[in-house]
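Student: Okay, here's the structure, questions in a sec.
Computed from the coordinates by the stated procedures, all read-outs in this text should not be read as laboratory data. Everything numeric in this text was worked out from a predicted model, so none of it was measured. FYI the Cβ positions are ideal-geometry reconstructions off the backbone, even for glycines, and counts take in every protein chain you see.
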Amino acid sequence: MKDQLLRIRTRIHILLNDSGQDLIEYALVVALIAFAATAAMGNVANGINNAFMKIASKLSAAIT
């Protein structure tokens, strides 16, 4: 009887244990930040490329 009660308590403790949940939440947040940064890098790269193209065209016009 005592062993059965101990097993039941252990199973209840395992079911109610949420210590691994925090790690999953942090991993999801990190993945979301990485995805957002990757998506933003395309826009930043295009903006930098456009800025250099404008500078190049102005320098080219000033030289000729």
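Student: State the extension gain, in nm to one decimal, for the chain segment bounded by Leu32 and Lys58, taking 0.36 nm per residue of separation less the distance between their alpha-carbons.
Tutor: 5.4 nm is the gain from fully extending Leu32 to Lys58.
Student: Please rank Ile63, Ile48, fewest neighbouring Cβ atoms within 10 Å first, as an exposure proxy.
Tutor: Fewest-to-most Cβ neighbours within 10 Å comes out as Ile63, Ile48.
Student: Can you give me the three principal axis dimensions of region 2-63 from its C-alpha atoms, in Å, biggest first?
Tutor: Taking max minus min along each principal axis of the Cα atoms, region 2-63 gives 93, 10, 9 Å.
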